[in-house]
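Trainee: Take a look at this one; I'll ask things after.
The values are calculated or read from the model by the stated rules, or taken from the named source; none is laboratory data. All figures in this text were calculated on a predicted structure; none of them were measured in a lab. Positions of Cβ are backbone-derived with ideal geometry, glycine not excepted, and every protein chain shown enters the neighbour counts.
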């Protein structure tokens, strides 16, 4: 059975190209199967030696989704830990993070690889949080909607306390200003806003600014759902503020006249 | 690929899809076949369910499939994705679903499966996927699905799990994979199976219906591209909420049919891409939910034929159309 494939455009190939591809595949398979049988023997014998470790490295470079190899690798790491000083063990963990960097470059959405990162951080003597935050910055620059990246960011922030809710709020401002369509950033903003601004007066002021930000986003890209969803959440924060509700309704009515096809129709029907 | 309404939609290519599935096992001399070995059990489930929904289950050799499934069970009671692969809760569910579909539950040592699933329970009501600690609402769904198939929901603390799922609910009505995470159609479909009473049906139905794009396809999150697999995740959730009519059925049917590969059979994530068995099963199951003729009615909770799940004792979820007496 083939694995599930996403976003791979089918290309026309000639018979010769297909045959050449098939030959390469057959050759690669011979190497892969050889490694599999070696590692299978090591696993059965519970041999956690360097040879076993190197076999997992090779297999994972050929197939990063081979989760049992990540598991076996962690068993070997746990075994080594008992025989290493802290410094050497810390270095081993750092090299594991580098291996995971490389694997994520090939597949930024691999559950197994993100999971390996988390496990390493939770099992290393001094968790390398600063390094993780840098990597996360790069991952979300490459794909601003990668939900693994956002989820992992929440995990790193919660576990490390490296950044305050206010700093994270500013991070979402940056992401949203790069692209109003980034619903992942709007979503995260809804979570950090309430943490960052606990004082009622301060929060009220921030919420005012938020309505302004939403208005800008909606007028820039009226067909985009992200800001509409966020506006709906903002309104839920001020259920009794009739002035605010009528102001937003007016603004929506204005937009309907200019952009009859925009999503605000739904909002009007929903709230009206 | 054209998506104008002027072109007549492609018919459903049932025979070609059967050939596509039967051909999957004939590529064993190629690297790509073995590089996906870790999810073989899921592949078997997707192939079997596709065939079953197309009334062609007998095309697979029942005895061979059963022996293969049993060979994937490990000492801890869980199942790996293939022989000699470590146990994971996802493959454990696939194994149970395959055995159920093949009416072979008498061959399954259910008590060992239950012990494995119980060992994955965490104090806050969530579940880890395996002994290495990944936590996700997907695993709550898997647990509830699997134990309900085994008639043993009493084996876990269901109210606590429901409480955990509730903590993953967002302002838009959807659910994320962990508390604080962005809503995702897949997680949402899974979450509501376990905890339907939590749902604000109109709000969630609205968010789900908004997943439909102009070309008829559905996406999994706002402002993302359409993908055939969400024809299942979004539609199954809407079906449980009794709000399938909130989307345009005809344009979604057309989108799924256009995503078929007319040369090889199989369905791709969207028109013009390479087909695979994952998108095939969710495309076919989506068509079944949409009432496309000639397919077995599918149960939106399990992605299995209704004639199979109708035999189950009723559990906490009840909605129109299914288990309605």
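Trainee: I'm trying to understand the selection: among the residues of segment A:170-191, which are buried (at least 18 other Cβ atoms within 10 Å of the Cβ) and over 17 Å from the mean Cα position of the chain (by Cα)?
Mentor: At the first step, the residues of segment A:170-191 found to be buried (at least 18 other Cβ atoms within 10 Å of the Cβ) are A:171-172, A:175-176, A:180-191.
Selection gives A:180, A:190.
Trainee: Something else about it: What helices (runs of 4 or more DSSP H) completely inside segment A:67-130 contain at least 1 residues that are out of contact with any helix residue (DSSP H, G or I) (no Cβ under 9 Å at 6 or more places or on another chain)? Steps first, please.
Mentor: Details: elements: A:67-81, A:86-106, A:111-123.
Because the criterion is at least 1 residues that are out of contact with any helix residue (DSSP H, G or I) (no Cβ under 9 Å at 6 or more places or on another chain), the helices (runs of 4 or more DSSP H) in segment A:67-130 that meet it are A:67-81, A:86-106.
Trainee: Can you pull out the residues in segment B:43-59 that are surrounded by 19 or more Cβ atoms within 10 Å (Cβ to Cβ) and more than 8 Å from chain A (Cβ to nearest Cβ)?
Mentor: If we filter segment B:43-59 for residues that are surrounded by 19 or more Cβ atoms within 10 Å (Cβ to Cβ), which is where we start, we get B:43-54.
Once the filter is applied, which keeps residues that are surrounded by 19 or more Cβ atoms within 10 Å (Cβ to Cβ) and more than 8 Å from chain A (Cβ to nearest Cβ), segment B:43-59 yields B:45, B:48, B:49, B:50, B:51, B:52, B:53, B:54.
Trainee: Moving to a separate point now. Go through A:236, A:190, A:181 for me and flag whichever is outside any helix (DSSP H, G or I) and either without any contact (Cβ under 8 Å) to a residue 12 or more places away in the chain or in contact with a helix residue (DSSP H, G or I) (Cβ under 6 Å, 6 or more places away or on another chain) (or both). Even if it seems obvious, please write down each step before you answer.
Mentor: Numbers: A:236 fails: outside any helix (DSSP H, G or I); A:190 fails: outside any helix (DSSP H, G or I).
Unique residue meeting the criteria: A:181.
Trainee: Let me spell it out: the conditions are (1) more than 29 Å from residue A:225 (Cα to Cα); (2) surrounded by fewer than 18 Cβ atoms within 10 Å (Cβ to Cβ); (3) within 14 Å of chain B (Cβ to nearest Cβ); (4) without any contact (Cβ under 8 Å) to a residue 40 or more places away in the chain, and residue A:123 meets all of them except one. Which number is the exception?
Mentor: Failed condition: (4).
Trainee: Criterion first (surrounded by 14 or more Cβ atoms within 10 Å (Cβ to Cβ) and in contact with a helix residue (DSSP H, G or I) (Cβ under 8 Å, 6 or more places away or on another chain)) does residue B:16 satisfy it?
Mentor: Details: surrounded by 14 or more Cβ atoms within 10 Å (Cβ to Cβ): yes; in contact with a helix residue (DSSP H, G or I) (Cβ under 8 Å, 6 or more places away or on another chain): no.
Judged against the criteria, residue B:16 is not a match.
Trainee: Tell me the residue from A:39, A:11 that is under 30 Å from residue B:270 (Cβ atoms), within 14 Å of chain B (Cβ to nearest Cβ) and out of contact with any strand residue (DSSP E or B) (no Cβ under 7 Å at 6 or more places or on another chain), please.
Mentor: Details: A:39 fails: under 30 Å from residue B:270 (Cβ atoms).
On inspection, the qualifying residue turns out to be A:11.
Trainee: Quick check on segment B:117-144: of everything there that is surrounded by fewer than 20 Cβ atoms within 10 Å (Cβ to Cβ) and part of a helix (DSSP H, G or I), which residue is farthest from the other protein chains (Cβ to nearest Cβ)?
Mentor: In this case the residue turns out to be B:118.
Trainee: A further question follows. Given (1) surrounded by fewer than 24 Cβ atoms within 10 Å (Cβ to Cβ); (2) within 11 Å of chain A (Cβ to nearest Cβ), where does residue B:148 come up short, assuming only one miss?
Mentor: That leaves (2) as the condition not met.
Trainee: If a residue must be crowded, with 19+ Cβ neighbours inside 10 Å and within 13 Å of chain A (Cβ to nearest Cβ), how many such residues does segment B:61-71 contain? Walk me through it before giving the result.
Mentor: Within segment B:61-71, the first condition is being crowded, with 19+ Cβ neighbours inside 10 Å, and the residues that meet it are B:65, B:69.
If we keep only those that are within 13 Å of chain A (Cβ to nearest Cβ) too, we end up with B:65.
Number satisfying all stated conditions: 1.
Trainee: Consider residue B:262 against the criteria (1) within 14 Å of chain A (Cβ to nearest Cβ); (2) in contact with a strand residue (DSSP E or B) (Cβ under 8 Å, 6 or more places away or on another chain); (3) surrounded by fewer than 21 Cβ atoms within 10 Å (Cβ to Cβ): it satisfies all of them except one. Which criterion is unmet?
Mentor: All conditions pass for residue B:262, except number (2).
Trainee: Does residue A:57 satisfy being touching a residue at least 40 places away in the same chain (Cβ under 8 Å) and either loosely packed, with under 14 Cβ neighbours inside 10 Å or more than 10 Å from every other protein chain (Cβ to nearest Cβ) (or both)? If you could, list the steps in order and put the result at the bottom.
Mentor: Details: touching a residue at least 40 places away in the same chain (Cβ under 8 Å): yes; either loosely packed, with under 14 Cβ neighbours inside 10 Å or more than 10 Å from every other protein chain (Cβ to nearest Cβ) (or both): yes.
Here the answer is yes, as residue A:57 does meet what is asked.
Trainee: Looking only at helices (runs of 4 or more DSSP H) that lie completely in segment B:169-281, which have at least 2 residues being within 28 Å of residue A:150 (Cα to Cα)? Give the derivation first.
Mentor: Details: elements: B:185-194, B:201-209, B:229-240, B:249-258.
Filter on segment B:169-281 gives B:185-194, B:201-209, B:229-240.
Trainee: Mind checking which residues of segment B:233-244 are touching a residue at least 60 places away in the same chain (Cβ under 8 Å) and either touching a strand residue (DSSP E or B) at 6+ places or on another chain (Cβ under 9 Å) or surrounded by fewer than 24 Cβ atoms within 10 Å (Cβ to Cβ) (or both)?
Mentor: Keep residues of segment B:233-244 that are touching a residue at least 60 places away in the same chain (Cβ under 8 Å), which gives B:235-237, B:239-242.
If the condition is that a residue be touching a residue at least 60 places away in the same chain (Cβ under 8 Å) and either touching a strand residue (DSSP E or B) at 6+ places or on another chain (Cβ under 9 Å) or surrounded by fewer than 24 Cβ atoms within 10 Å (Cβ to Cβ) (or both), then B:235, B:236, B:239, B:240, B:241, B:242 are the ones that fit.
Trainee: What about residue A:4, is it surrounded by fewer than 17 Cβ atoms within 10 Å (Cβ to Cβ) and either facing another protein chain (nearest Cβ under 10 Å) or modelled with pLDDT of 95 or more (or both)?
Mentor: On the way: surrounded by fewer than 17 Cβ atoms within 10 Å (Cβ to Cβ): no; either facing another protein chain (nearest Cβ under 10 Å) or modelled with pLDDT of 95 or more (or both): yes.
Judged against the criteria, residue A:4 is not a match.
Trainee: So which residues in segment B:7-51 are in contact with a strand residue (DSSP E or B) (Cβ under 8 Å, 6 or more places away or on another chain) and modelled with pLDDT under 95?
Mentor: B:10, the sole residue that qualifies.
Trainee: Same structure, new question: Given the conditions (1) closer than 25 Å to residue B:135 by Cα; (2) touching a strand residue (DSSP E or B) at 6+ places or on another chain (Cβ under 9 Å); (3) surrounded by fewer than 20 Cβ atoms within 10 Å (Cβ to Cβ), which single one is not true for residue B:248?
Mentor: (1)
Trainee: Next up: If you take the residues of segment A:239-269 that are part of a loop (DSSP other than H, G, I, E, B) and either at pLDDT 85 or above or not assigned by TED's automatic domain parsing to the domain that holds residue A:194 (or both), which of them is nearest to the chain's Cα centre (by Cα)?
Mentor: A:239
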